[in-house]
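Data first, discussion second: the structure below is written as structure tokens.
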Amino acid sequence: MIELAVSLNDPARYVNWGPLTISFPNLFMFCLILLLFFVPMIIGSAKLRKERSAHTLAESGTDLHDPQFLHRWRHINNSVSLASLILVFASGIVMASRGLSWLYASNVSSFVHGLHFWSVQLFFVSIILHFMFNFWRAASKGQRFPMWASGVISFFACMFTAYTGGLVAGNLNSQWIALQSKNVFNAIGVGTLFDPLNVGQMLTLHIAIFPIVVASLTLWHISIAQQRFIHLPWRRPITLEVKE
Amino acid sequence: MSRLKSSLRKIFVGDDLHGPAKLYRGTVVALIPILAIAILCAGFFKAPESGQRSLQDWANAAPTDFVLTAAFELANQKGKGSNGPPYNLLDRGQSLGPIDPQAHTDLGIPIDPGNDFVISPLQVSQTQGVYAAIGNFRGLSTDAQIRLIEGFVKGQGKAIDGALGKWTSATSSQQAAWTTSYINALGGKNNRETLEDDPSYGPVKTLTDALLFLAQAGTLDGLLTTQQGPYPSDFTKPALFLGDGKWIAEEAHSAFLDGDRMAVASGTNSFPGQFWLTPYAFWYSVKPFSTSRNADIEVFAILLIICLLTMYHPKIPGLPKLVRFLPFQSLRGKT
């Protein structure tokens, strides 16, 4: 497997669209998210049309929140998000138990590091999809607002945790990001409290404090979501009546 | 096939389960393919490699930039990353109109660039750094070893003592005159090898050359971190000094990590980065933020607005109704 390894250690190519410059790998991740969002939408839409042709719409009976196909797809995505978060924690615990200097010590450590890195990427792909699906489904409406708010807070906590992880990765990228982003924390007046150049502080935040925050927020979000899983769409619910 | 499909669907989605049980069972099942994908990616692509840049790398790769930056530090010249709160009051920092949090920050990480980055390491090196340099001697390239020997042959150790004494006993205006003269001369030549000594530089050339000597031997990296204790975990000082030079920016540029290319969201080489930060990093590459000296606090304000809008958009009158006009609502059927 090591011989077969594809090197991603050459400089990336970039795409320019006016002021927006984006690397190919990042563009690929965005395309993947859009693909996983639109393809189920198109399939779900086609399936819904098929269902409609077999039924007439009426104002009574059970409401159809979204097509069964999309409903299942969203549930799979929720499970994938949680599963990848568990994998992030599991690989992170192994890395934390061995220390920072272990990160580049051997093929085994490189593999565990890779596992952590790629499960974080998978987690963010699935969590952004989760965010997009629930935004379009108006999951912030009315009684479901606490569920939405807890999700948004958890999402930002995850982003901040991943950012501190990037700072302690021990490469040019982490050095440069630390040097650039320290200006932000200094500019908003918290430079003394939060110093991205202080590897010790960033490491303890990344492996001790933020994981507890992320785990607690995730459990909070899930518990709210499970209590309020009755979904009310923006429009009046459509109802089906079977053709005689 | 259809039986397999329906049983997979049952396991994954669990039509017979509701609420938490459905999610937890789905999660346990999803762990298998997620683990498989992560193992495949980790096996084939691995993780981003190491490759941190040290002060030693900088001193060996771009000695002129190194000594010029050291002279800038001695001159306490403005516009560097190590200026302003919470490090010092050499710069006021950034502000957003009347909102000026940086100016009111306490100096929690006190840094005096000239003393901390140049004078203090040289003073310490006179007693212990030389031994560390000798300890590193074997690990050096032949060129660096030759430079090291040449330094000792020229009696640089004694010269540094004299230069340090001359610098510390001089007035600040005298120090400023020396550094300005040296910076102008070196900036014009852009090559420290061809720059001849001149009395107008005072001790600056000797001091910056000695610092280069320490850095090339690998001693300076340690000297800047061990001031707080023997086993450091805070690399703020060497990182700030490195960040004040041009070389690290050139290195980052060659790896496509500079600000215009959204550094925070970019990954290491061809690895995907923190692509989820693109909506934040994007603002740094558009005007007026790309040219503003207050870009960080301005873009942070935008980020704050984005966060608040994301969170509270259902509470803003009229805004939630816009969602009705989005195309995917139609997937739920017509009213």
Within the stretch B:199-243, of all residues that are closer than 16 Å to residue B:125 by Cβ and polar (S, T, N, Q), the one nearest to the chain's Cα centre (by Cα) is B:225
Filter the stretch A:199-223 down to the residues that are surrounded by 21 or more Cβ atoms within 10 Å (Cβ to Cβ) and over 24 Å from the mean Cα position of the chain (by Cα) and list them by number.
A:199
So residue B:264 ticks every box in (1) surrounded by fewer than 22 Cβ atoms within 10 Å (Cβ to Cβ); (2) in the same structural domain as residue B:91 (by TED's automatic domain parsing) but one. Which box is left unticked?
(2)
Going by the structure shown, is residue A:165 of a type in the set (Gly, Ala, Ser) and either more than 20 Å from residue B:273 (Cα to Cα) or facing chain B (nearest Cβ under 7 Å) (or both)?
no
Can you give me the number of residues within the stretch B:40-59 that are buried (at least 20 other Cβ atoms within 10 Å of the Cβ), more than 27 Å from residue B:207 (Cβ to Cβ) and under 17 Å from the mean Cα position of the chain (by Cα)?
0
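Can you find, within the stretch A:85-111, the residue that is modelled with the lowest pLDDT among those that are of a type in the set (Gly, Ala, Ser) and in contact with a helix residue (DSSP H, G or I) (Cβ under 7 Å, 6 or more places away or on another chain)? Show your work before the answer.
Pass one, the stretch A:85-111, residues of a type in the set (Gly, Ala, Ser): A:90-92, A:96-97, A:99, A:101, A:105-106, A:109-110.
Imposing the further condition that a residue be in contact with a helix residue (DSSP H, G or I) (Cβ under 7 Å, 6 or more places away or on another chain) reduces the set to A:91-92, A:96, A:109.
On the way: A:91: 95, A:92: 95, A:96: 93, A:109: 90.
Restricting to residues being of a type in the set (Gly, Ala, Ser) and in contact with a helix residue (DSSP H, G or I) (Cβ under 7 Å, 6 or more places away or on another chain), the top hit is A:109.
Please indicate, with yes or no, whether at least one residue in the stretch B:172-186 is out of contact with any His (no Cβ under 8 Å at 6 or more places or on another chain) and at positive phi. Lay out the reasoning, then the answer.
First, pick out the residues of the stretch B:172-186 that are out of contact with any His (no Cβ under 8 Å at 6 or more places or on another chain): B:172-186.
Filter once more, so that each one left must be at positive phi: none.
There is no residue in the stretch B:172-186 that is out of contact with any His (no Cβ under 8 Å at 6 or more places or on another chain) and at positive phi.
Given the residues A:214, A:152, A:184, which is the only one that is touching an Asp or Glu at 6+ places or on another chain (Cβ under 8 Å) and in a helix (DSSP H, G or I)?
When all the criteria are applied, what remains is A:184.
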For residue B:66, only one of the following conditions fails: (1) outside the structural domain of residue B:110 (by TED's automatic domain parsing); (2) part of a helix (DSSP H, G or I). What is its number?
(1)
Out of the stretch A:129-147, which residues are facing chain B (nearest Cβ under 7 Å) and surrounded by fewer than 21 Cβ atoms within 10 Å (Cβ to Cβ)?
A:136, A:141, A:145
Odd one out for residue A:192 among (1) β-branched (Val, Ile, Thr); (2) surrounded by fewer than 22 Cβ atoms within 10 Å (Cβ to Cβ); (3) in a helix (DSSP H, G or I)
(3)
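On the basis of being in contact (Cβ under 8 Å) with a residue 24 or more places away in the chain and part of a helix (DSSP H, G or I), does residue A:112 make the cut?
On the way: in contact (Cβ under 8 Å) with a residue 24 or more places away in the chain: no; part of a helix (DSSP H, G or I): yes.
When the stated conditions are applied, residue A:112 does not pass them.
Which fully enclosed helices (runs of 4 or more DSSP H) of the stretch B:158-233 have 2 or more residues being over 27 Å from residue B:144 (Cβ atoms)? Even if it seems obvious, please write down each step before you answer.
On the way: elements: B:172-189, B:204-216, B:219-223.
Those helices (runs of 4 or more DSSP H) span B:172-189.
Residue-by-condition table, conditions (1) more than 19 Å from the chain's Cα centre (by Cα); (2) surrounded by 23 or more Cβ atoms within 10 Å (Cβ to Cβ); (3) outside the structural domain of residue B:172 (by TED's automatic domain parsing):
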position	(1), (2), (3)
B:35	yes, no, yes
B:61	no, no, no
B:76	yes, no, no
B:80	no, no, no
B:87	no, yes, no
When every residue in the stretch B:99-145 that is part of a loop (DSSP other than H, G, I, E, B) and more than 14 Å from chain A (Cβ to nearest Cβ) is compared, the one modelled with the highest pLDDT is B:112
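The values are calculated or read from the model by the stated rules, or taken from the named source; none is laboratory data. Predicted model, so just to flag it, every value in this text is computed and none were measured. So basically every Cβ, Gly included, is an ideal-geometry build from the backbone, and we count neighbours across all protein chains shown.
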